[in-house]
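Visitor: Next up is a structure, given as structure tokens.
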Amino acid sequence: AKRKQNLVCTVALSACAHTYSMHACVTLSRCVCVCLSCRQCCVGTELVDWLVQQSTCVHTRSHAVGMWQALLEEGVLNHVDQELGFQDKYLFYRFLDDEEEDTPLPSEEEKRESEEELPETILFLAQIGPDALLRMILRKPPGQRTGDDLEIIYDELLHIKALSHLSNTVKRELASVLIFESHAKAGTVLFNQGEEGTSWYIIQKGSVNVVIYGKGVVCTLHEGDDFGKLALVTDSARAASIVLREDNCHFLRVDKEDFNRILRDVEANTVRLKEHEQAVLVLEKSPRASTLGNIKYTVMSGTPEKILDHFLETMRMDTHHADPDPAVDDFVLMHCVFMPNSQFCQLLMAQYPFSPSDSLLFHSVLLSPLAFSLSFFLFPSRFSSYSVGYTRVTVMLYVALLSRGSRVTPLPDQEGPSAGSMSSFELMSSKDLAYQMTLYDWELFSCHELLYHTFGRQSFRRTTANLDLFLRRFNQVQLWVVTEVCLCGQLSKRVQLLKKFIKIAAHCREFKNLNSFFAIIMGMSNPAVSRLTQTWEKLPSKFKKFYAEFESMMDPSRNHRAYRLTVTKIEPPIIPFMPLLLKDMTFSHEGNKTFIDNMVNFEKMVSIHRHPEVCQPNKNHAEVRGYVRKLCVIDNQRTLTTLSYRLEPRRT
């Protein structure tokens, strides 16, 4: 079924591209010998140019190359010399339909149908293109891979579970030696128990069974798992057999010679500082030299004091500050995980002692928080408090439960709105709404609270109130979309609402607020909204195309590859999709030890460090600002579904 879907989509695309090639008047006379065997040909660079111009979901030329590579793998597109890799060069390609000499040219009706199917087809290929590009790169001999090729492989390795404990240097080394291997049929034996170990494998797609003689299948390994490394490390025979559990499995393979060389290189480039026969600092030679030509070292692990000493000494030596080390920022942000603020300040004061002339500045800094604390007690009327109100509501609910016994009846204001805010909402600029949503999201976003959430708030004795509110805010924005649509009784108004929300989502992405962007799109995909077929049918095709493109970014396959590719193309600062960011940070935390041999695993700190920023506000619309901060929503899915069926009853 999936192959049929691929072919349907690619045939539609080939017809459109074929039409394009005719309109572009591809100059076949430049290669007469090729034209003798090909009735119609397309040039690789022109195919890439055309695809990039068709849709904003095609991020780069390499992305377009991957999409054409997917067609090449399906056999819909062929190189005239039968090469297996698509290239963005002046090379000739032809489509499957052109292989037959008597194939008629597309009719006007076929052209029109192909143009209608083109947006959906491009979206589908945009999702499978990156995988095809990666396979094409991995099939190249290691010596032929370009710098861009190695970066693409390295980005893929960053999200593989089996490699999470390895340093970034090792991952970059692996990117240059990994080999792609695939097997079509389930039951294929990759290697047998007792054989010599020659390779280490990482599962990229599919699953395998681990079989031991006399015991049968002892476990199953899935995508992201690895196997075969033990035999290489111990130089012993295979301890088990590996059998493919399903068809079409893909693997990343590292041969024994490369594996051993990487281990030797890592050890040769590692420097250990010891005190009393105990390692206190581990450095690794950086593969990228500084701009001054000096050898640079990356901190891998160490005691907090020695790591700080190393950074301070490096800063003293770099008197021109021409090549600042970003790891210093990582240390400052992450120090609370392994070093209390009091100890951090004492170490800094020991390195930079205060002189008498500095005391005035020291006291002036302390005056501000001290004055605020005194003002709170001396002038309580200046401060607002809502704790009493919340306490009263809590008591009322508790009494209602005791008096009635069986159920608690929500208060009227807890039921949510009974009418939408379309009258005021439609007068507000979509861009202003997205802008104010971005500002509010940033106010709630706190990197320090992300650390408290990841490592456990009880370890810091701190609250994550802003982060908790930020996560609830995602649900609120999502329900706001559903509430407004379901409370809008007029069909034409609902269509306008959908257009409005698509515009707001587009502006959120423009402002790099991916959290609100995803909340809006997920709200529009809620069953109570997505089932309103009459409303969606009235939506202009332009907005349907935008929505389909936005929705494709939510594809969770391959560890949310579509979202991650989008993020890599956006220049920071951004507000990320918070649930996925928390998942990544938790993955980095739980997959790596915080301390190794009583030393801080500083590379883990660097991998967890995220510090997104948002541009400072430069305008203020009080009405819009107040609206986005007090969204009225219905949070009961059953109520929303009931309202949806009132708008458009089920078709019989």
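Values in this text are rule-based calculations from the coordinates and carry no lab data. The model shown is predicted, which means the values in this text are computed figures rather than measured ones. Please note: Cβ atoms are built from the backbone with ideal geometry, for glycine as well, and neighbour counts cover all protein chains shown.
Visitor: Between segment 62-133 and segment 630-649, what is the C-alpha centre distance in whole Å?
Guide: 44 Å
Visitor: Quick one: grab the alpha carbon gyration tensor of segment 486-572, order the square roots of its eigenvalues as a ≥ b ≥ c, and give me rounded if a/c is under 1.5, else prolate or oblate depending on whether a/b is larger than b/c. Don't jump to the answer; show the numbers that get you there.
Guide: On the way: a/c = 2.31, a/b = 1.86, b/c = 1.25.
In terms of gyration-tensor shape, prolate.
Visitor: Checking the a/c ratio against 1.5 first, then a/b against b/c, what shape does the Cα gyration tensor give for segment 150-264?
Guide: Working: a/c = 2.06, a/b = 1.38, b/c = 1.49.
Oblate is the answer for segment 150-264, as a/c is 1.5 or above yet b/c matches or exceeds a/b.
Visitor: Kindly write out, for segment 557-565 in residue order, the coupling ³J(HN,Hα) from the Karplus curve 6.51 cos²θ - 1.76 cosθ + 1.60 (θ = phi - 60°), rounded to whole Hz, with x marking Gly and Pro.
Guide: So the J values, rounded to whole Hz, are 5, 6, 6, 6, 4, 4, 5, 5, 5.
Visitor: Once amide H atoms are placed 1.01 Å from N in the peptide plane, what residues at a sequence separation of 5 or more from residue 301, or on another chain, have their amide H within under 5 Å of its amide H?
Guide: Residues meeting the amide H criterion: 282, 602.
Visitor: Additional query: So what's the convex hull volume per residue for the Cα atoms of segment 436-526, in Å³?
Guide: Values: hull volume 8.6 nm³, N = 91.
Expressed per residue, the convex hull around the Cα atoms of segment 436-526 is 94 Å³.
Visitor: Now for a different question. Fewest Cβ neighbours within 10 Å first, please rank 530, 167 accordingly.
Guide: Lowest to highest Cβ neighbour count: 530, 167.
Visitor: Another one. For segment 150-264, with only Lys/Arg (+1) and Asp/Glu (-1) charged at the beta-carbon, what is the dipole magnitude about the Cα centre, in debye rounded to 20?
Guide: 260 debye
Visitor: Can you compute 3J(HN,Hα) from phi for each residue in segment 498-515, using the Karplus curve 6.51 cos²θ - 1.76 cosθ + 1.60 with θ = phi - 60°, rounded to whole Hz and x for Gly and Pro?
Guide: 4, 4, 4, 5, 5, 5, 4, 4, 4, 6, 4, 5, 4, 7, 6, 9, 6, 5
Visitor: I've got another one for you. Treat each spin label as a single point 7 Å out from the Cα along the C-beta direction, and report the residue 150 to residue 266 distance in nm.
Guide: So the two model labels end up 1.8 nm from each other.
Visitor: Within segment 150-210, list the trypsin sites (Lys or Arg not before Pro) lying in a DSSP loop whose Cβ has at most 11 other Cβ atoms in a 10 Å radius.
Guide: Of the trypsin sites (Lys or Arg not before Pro), the ones in loops of segment 150-210 whose Cβ has at most 11 other Cβ atoms within 10 Å are 185.
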